[in-house]
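The structure appears below as structure tokens.
The values are calculated or read from the model by the stated rules, or taken from the named source; none is laboratory data. What you see is a predicted model; the values in this text were computed from it and never measured. As a convention, Cβ positions derive from the backbone with ideal geometry for all residues, glycine included, and neighbour counts pool all protein chains shown. Accessible surface is based on the protein model in full, side chains and every heavy atom, while ligands, DNA and RNA are left aside. Shrake-Rupley method; radii C 1.70, N 1.55, O 1.52, S 1.80 Å.
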There are 2 protein chains.
Amino acid sequence: MKETITIKTLAKELNISISTVSKALNDSYEISIETKQKVWDLAKMLKYNRNPSASNLRSHKTKTIAVIIPEVANNFFSQAINGIEEVARKRGYHVLIYQTHENTELEIAFTDSLLSGRVDGILISVSSDNNNHEHFATLVKEIPTVFFDRVYEDIDAAKITTDDYESTYNATSYLVECGCKKIAYLYALNNLNAGKQRMSGYRDALSALQLEYSDKLTVNYDKNAEVNYHNIKQLMLHERPDAVISSIEDLALPCYYVCNELAISIPEDLKIISFSNLNTAPLLNPSLTTITQPALEMGREAAAILFRILDKKHPEPNEWLTLKSTLIKRDSTACR
Amino acid sequence: MKETITIKTLAKELNISISTVSKALNDSYEISIETKQKVWDLAKMLKYNRNPSASNLRSHKTKTIAVIIPEVANNFFSQAINGIEEVARKRGYHVLIYQTHENTELEIAFTDSLLSGRVDGILISVSSDNNNHEHFATLVKEIPTVFFDRVYEDIDAAKITTDDYESTYNATSYLVECGCKKIAYLYALNNLNAGKQRMSGYRDALSALQLEYSDKLTVNYDKNAEVNYHNIKQLMLHERPDAVISSIEDLALPCYYVCNELAISIPEDLKIISFSNLNTAPLLNPSLTTITQPALEMGREAAAILFRILDKKHPEPNEWLTLKSTLIKRDSTACR
DNA sequence: TTTATTTACGAAAACGTTTGAGTTGATTGC
DNA sequence: GCAATCAACTCAAACGTTTTCGTAAATAAA
């Protein structure tokens, strides 16, 4: 076993006090540059590593943030994490990952456990399984928290979202321009602001363009993929829409399968637009028109906002930043 | 500000010593069940949370593991993380994520920083940018480490990989069965065992089937995506292979684009097989035949091995577990 | 010169746990 | 009936930092 080397070791070696060593390592103004240099040199030479637990315990700074998301194996979220990790690393912060799998119970367990001072701040994209969220009210009072993409508007915290309403509004308008008259909607995240906004954009666009909204043209997301498949198939069989807007990627792909099975050809018989961060969207058969959220950017910005909060000593009004998604037109909506 | 509640608070409230509280919370045999119950009840009532820093500092257990990977925004790795997080959560462990972006310098910085006792163990899939890896030799002596998918065979640590050699061997054989005579290879991870094994499987299958290997049929991965595109295009223009095996997903997709551009039709003119964890592989145009690694399983198993190591007090010989990938045949290799 | 002020450092008390070595009173063995 | 065992606690010393306060010497102001 190696004897672990601490500031005590350094102090003894240099014949100075441990407080001097500590201050030197923290680049305190109280210490002369000569002493600092000696400490730094020795620290490097002995490969000294500050013990994080001891440091945290005393200073209440963990240099760690938590990211709570539904799934990591999801293009949007993994890209967001990418952005988050990037800015965290630049600041020397560590990133903890928690997956809720859209389960509020788990979400509560996570947030509760983070109240113990394990992290300095939290980035969260909330679970969609219900809208019971009083646990966040207490959370945000205790610890700096930034909500991204999936937010609760009535929670007093910083938020960052995309222009969900405009996205579906524009997508719907675009489909109508292409001559579509019967546009179905695959509805997910209906407990969340994002989901509601997307639905509203769709509905408002319909009515602005003199088209009628019908419940029959809406398929609600189900946790069970087979149920989704079945429901989409029923939609296609009985309603035969000429276009469909999917509020999440996971509902667009079954659409492709259903069309395959029913020999509905895209885009001739059915045009498809979906929210998606798939990098293979251009390679699908046919290539998929997507509303693509700036996932990486959102991650970066969310982290940036969090660090801005952590930097301030005094609380400031919470930001609510909105980034723009882009409608990327591809073959699944090609007009003939 | 809330006054934080500690075991001291509990002790005072219950009129017992703080050590009794601590032991009760840790379910020690030294404490009577009645006392334990009282402590637990009060703790729950007051929403007591054990301070992790203090606990770690004293006990040298962090209940945290680190995952070091090249990229999180990658189907294989994000699924692996999913598996890791799943088993970590079951054990009440926390998961730190570090991305190396295939940069050894960063990798070294991360592993060095983890020597400070921030984590109990490490799961790592190494960076591919070079094979300089002496830093791991010291790392694995200091802290339990499990290498997954991308491993160094000469490092004395637990490892988990897939049957890379057999995968390409079988894929190559399959292509030959389909009548292919000029099979190109898109070569990546050439610094790593996985990459070398995949290449060997391809070459050995070729020679076993009386086909000649040629350097001209090999394209080496480049960090620059445009270079890859260009090289693949050159390959197609000048060599006109009738099949291609891609050792990573990121080289297969440019293949599709090149074929589009050059009007090479898949699978008639060119058959394609690629290592891939794309969930949209069946929806590509045409659907892609993949060698799919059990990413989720690998994550789970890697974590399981790590916890097995952490559970043992005495070191045991390191496991090297190998899981099987599956060749999923789709249209990109359809025989007419 | 005397008195402030500054500079560079040290002593010691936290931070909230865990843990090994006592301590006490009750129970057991013989 | 007395030593030995045991169950259920308590004491106090860690763990490795950070940070407040104090102080000596050097410098500046008066």
Just need a number here: residues in region B:1-47 that are near DNA strand D (Cβ under 8 Å from one of its atoms) and aliphatic (A, V, I, L, M). 7
Is it true that some residue in region B:183-193 is touching a residue at least 12 places away in the same chain (Cβ under 8 Å), open to solvent by less than 30 Å² (accessible area, probe 1.4 Å) and in a helix (DSSP H, G or I)? yes
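In this structure, is residue B:150 within 14 Å of another protein chain (Cβ to nearest Cβ) and at pLDDT 95 or above? Working first, answer last.
Numbers: within 14 Å of another protein chain (Cβ to nearest Cβ): no; at pLDDT 95 or above: yes.
Taking the combined requirement at face value, the residue does not satisfy it.
Evaluate the following for residue B:129: is it open to solvent by 30 Å² or more (accessible area, probe 1.4 Å) and either within 11 Å of chain A (Cβ to nearest Cβ) or among the hydroxyl-bearing types (Ser, Thr, Tyr) (or both)? Break it down into steps so the answer makes sense when it comes.
Working: open to solvent by 30 Å² or more (accessible area, probe 1.4 Å): yes; either within 11 Å of chain A (Cβ to nearest Cβ) or among the hydroxyl-bearing types (Ser, Thr, Tyr) (or both): no.
Taking the combined requirement at face value, the residue does not satisfy it.
Residue check: is residue A:129 at pLDDT 95 or above, within 18 Å of residue A:221 (Cα to Cα) and not polar (S, T, N, Q)?
Details: at pLDDT 95 or above: no; within 18 Å of residue A:221 (Cα to Cα): yes; not polar (S, T, N, Q): yes.
It is false that residue A:129 is at pLDDT 95 or above, within 18 Å of residue A:221 (Cα to Cα) and not polar (S, T, N, Q).
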Is region A:257-272 home to any residue that is within 14 Å of another protein chain (Cβ to nearest Cβ), open to solvent by 50 Å² or more (accessible area, probe 1.4 Å) and farther than 27 Å from residue A:325 by Cα? yes
Between residues in region B:112-133 that are without any contact (Cβ under 8 Å) to a residue 40 or more places away in the chain and residues that are within 15 Å of DNA strand D (Cβ to nearest atom) and charged (D, E, K, R), which pairs lie under 7 Å by C-beta distance while being six or more apart or on different chains? B:115/B:142; B:116/A:50
Return yes when residue A:78 is within 30 Å of residue A:99 (Cβ to Cβ), within 14 Å of chain B (Cβ to nearest Cβ), within 34 Å of the chain's Cα centre (by Cα) and near DNA strand D (Cβ under 8 Å from one of its atoms) and no when it is not. no
Need pairs with beta-carbon distance below 8 Å; first residue within 14 Å of chain B (Cβ to nearest Cβ) and more than 10 Å from DNA strand C (Cβ to nearest atom) and within region A:1-30, second part of a helix (DSSP H, G or I) and modelled with pLDDT under 95; sequence gap 6+ or separate chains. A:2/B:142
Residue in region B:48-69 that is nearest to DNA strand D (Cβ to nearest atom), counting only those that are open to solvent by less than 50 Å² (accessible area, probe 1.4 Å) and of a type in the set (A, V, I, L, M, F, W, C): B:54
Regarding residue A:114, is this residue within 15 Å of DNA strand C (Cβ to nearest atom), touching a helix residue (DSSP H, G or I) at 6+ places or on another chain (Cβ under 9 Å) and farther than 23 Å from residue B:55 by Cα? no
Considering each residue of region A:168-182, count those that are open to solvent by 10 Å² or more (accessible area, probe 1.4 Å) and closer than 20 Å to residue A:326 by Cβ, and give that number. 7
Does residue B:81 count as free of Cβ contacts under 8 Å to residues at least 24 places away in the same chain, closer than 25 Å to residue B:325 by Cα and not assigned by TED's automatic domain parsing to the domain that holds residue B:185? no
Return the residue satisfying two criteria in turn: it lies in region A:226-245 and is in contact with a helix residue (DSSP H, G or I) (Cβ under 9 Å, 6 or more places away or on another chain) and among the hydrophobic types (A, V, I, L, M, F, W, C), and of such residues it is nearest to residue A:175 (Cα to Cα). A:243
I need every pair where a residue in region A:36-48 that is closer than 17 Å to residue A:17 by Cβ has its Cβ under 6 Å from the Cβ of a residue that is not in a helix (DSSP H, G or I), sequence separation at least 6 or different chains. A:48/A:5
Restricting to region A:107-121, and then to whatever is more than 7 Å from chain B (Cβ to nearest Cβ) and open to solvent by less than 30 Å² (accessible area, probe 1.4 Å), can you tell me which residue is nearest to residue B:4 (Cα to Cα)? A:114
Number of the condition not met by residue B:104 [criteria: (1) buried (at least 18 other Cβ atoms within 10 Å of the Cβ); (2) free of Cβ contacts under 8 Å to residues at least 60 places away in the same chain; (3) within 14 Å of another protein chain (Cβ to nearest Cβ); (4) more than 10 Å from DNA strand C (Cβ to nearest atom)]: (3)
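When you scan region B:280-290, do you find a residue that is over 23 Å from residue B:250 (Cβ atoms), open to solvent by less than 10 Å² (accessible area, probe 1.4 Å) and not acidic (Asp, Glu), even just one?
Looking only at region B:280-290, we keep the residues that are over 23 Å from residue B:250 (Cβ atoms), and these are none.
There is no residue in region B:280-290 that is over 23 Å from residue B:250 (Cβ atoms), open to solvent by less than 10 Å² (accessible area, probe 1.4 Å) and not acidic (Asp, Glu).
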Would you check if there is a residue in region A:70-78 being surrounded by 15 or more Cβ atoms within 10 Å (Cβ to Cβ) and under 25 Å from residue B:115 (Cα atoms)? no
Inside region A:49-69, the number of residues satisfying the requirement of being in contact with a helix residue (DSSP H, G or I) (Cβ under 8 Å, 6 or more places away or on another chain) and within 12 Å of residue A:117 (Cα to Cα) is 8
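Scan region B:86-101 for residues that are in contact (Cβ under 8 Å) with a residue 24 or more places away in the chain and at the interface with chain A (Cβ under 10 Å from one of its Cβ atoms) and report the count. Spell out the reasoning first.
Filtering region B:86-101 for residues in contact (Cβ under 8 Å) with a residue 24 or more places away in the chain gives B:86-88, B:91-101.
Restricting the remaining residues to those that are at the interface with chain A (Cβ under 10 Å from one of its Cβ atoms) gives B:86, B:88, B:92, B:94-99, B:101.
So the count comes out to 10.
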Residue that is farthest from residue A:109 (Cα to Cα), among those in region B:31-51 that are under 42 Å from the mean Cα position of the chain (by Cα) and within 12 Å of DNA strand C (Cβ to nearest atom): B:39
